[in-house]
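I have a structure I would like to understand better, so I am pasting it below and will then ask my questions one at a time.
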Amino acid sequence: MIDGAKALRRAVSDVLGTSTPVQRCVRHKERNVLDHLAERDRAQIKRRLRAAWALENVDAAVERLEALGSELERSHPGAAASLREGLAETVTVNRLGVGGALKATLSSTNPCESMIEFVRRSSRNVKRWQSGEMCLRWTAAGMLESRAAVSQGDRLPRARKARQRSRARGGRYTPHDRLCDAGARGCSYTRMR
């Protein structure tokens, strides 16, 4: 998951190979497109972008996004160009069959940026960094703080109940469900098998 910076995309290709799936942050893409529009047009275009990205069918999502790009070409060529640039990478999680809360999380860089902010906040008063180990300890402390904040947000219990209701209606239990259930019990993802 990247924010669309060309240098990041190239680094992913250079290090992990060109066949590595990359998800563009849909929130950054949305913001970039909307910045090219008049204020009066933004709400409608935002709804259409989000509706297309919410589709599970990748071909239908890409078709809607391309149609929107064609419409914008006439009145807002900058917005159309912004939308078309890396468009296929905005539906990677759809292409991989990811859904639900995990799709929402992996479609945006916001969770990563949020954790980075927790790390910044936890280490902002450190004036003299002694060593790399000290830096790692403060980073770990910030990450633990972010984990606690998410747990306090009561998200996992609600997600767990939603999955239980889905299974009761005949939905299947996926590896993602096992991951989330273990996280809801407070297990570390590294200890799960």
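The values are calculated or read from the model by the stated rules, or taken from the named source; none is laboratory data. Note that this is a predicted model, so its numbers are computed, not measured. Positions of Cβ are backbone-derived with ideal geometry, glycine not excepted, and every protein chain shown enters the neighbour counts.
Whether any residue in segment 17-25 is part of a helix (DSSP H, G or I) and either over 30 Å from residue 164 (Cα atoms) or not assigned by TED's automatic domain parsing to the domain that holds residue 164 (or both) is what I want to check.
The answer is no; no qualifying residue exists.
Is there a residue being under 30 Å from residue 138 (Cα atoms), charged (D, E, K, R) and under 14 Å from the mean Cα position of the chain (by Cα) anywhere in segment 1-22?
yes
Restricting to segment 1-29, what's the tally of residues that are charged (D, E, K, R) and without any contact (Cβ under 8 Å) to a residue 12 or more places away in the chain?
Matching residues across segment 1-29 total 3.
Residues are listed down the side, and each one gets a yes or a no for (1) in contact with a His (Cβ under 8 Å, 6 or more places away or on another chain); (2) part of a helix (DSSP H, G or I); (3) over 15 Å from residue 34 (Cβ atoms); (4) modelled with pLDDT under 95:
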| site | (1), (2), (3), (4) |
| --- | --- |
| 50 | no, yes, no, yes |
| 62 | no, yes, yes, yes |
| 79 | yes, yes, no, yes |
| 83 | no, yes, no, yes |
| 93 | no, yes, yes, yes |
| 101 | no, yes, yes, yes |
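Additional query: Here are 81, 88: which of them is more than 24 Å from residue 145 (Cβ to Cβ), without any contact (Cβ under 8 Å) to a residue 12 or more places away in the chain and surrounded by fewer than 17 Cβ atoms within 10 Å (Cβ to Cβ)?
Within the list 81, 88, the selection yields 81.
Which members of segment 107-119 meet the condition of being of a type outside the set (Val, Ile, Thr), farther than 23 Å from residue 94 by Cα and crowded, with 17+ Cβ neighbours inside 10 Å?
Result: 115, 118.
Quick check: anything in segment 120-140 buried (at least 16 other Cβ atoms within 10 Å of the Cβ), under 14 Å from the mean Cα position of the chain (by Cα) and without any contact (Cβ under 8 Å) to a residue 60 or more places away in the chain?
There is no residue in segment 120-140 that is buried (at least 16 other Cβ atoms within 10 Å of the Cβ), under 14 Å from the mean Cα position of the chain (by Cα) and without any contact (Cβ under 8 Å) to a residue 60 or more places away in the chain.
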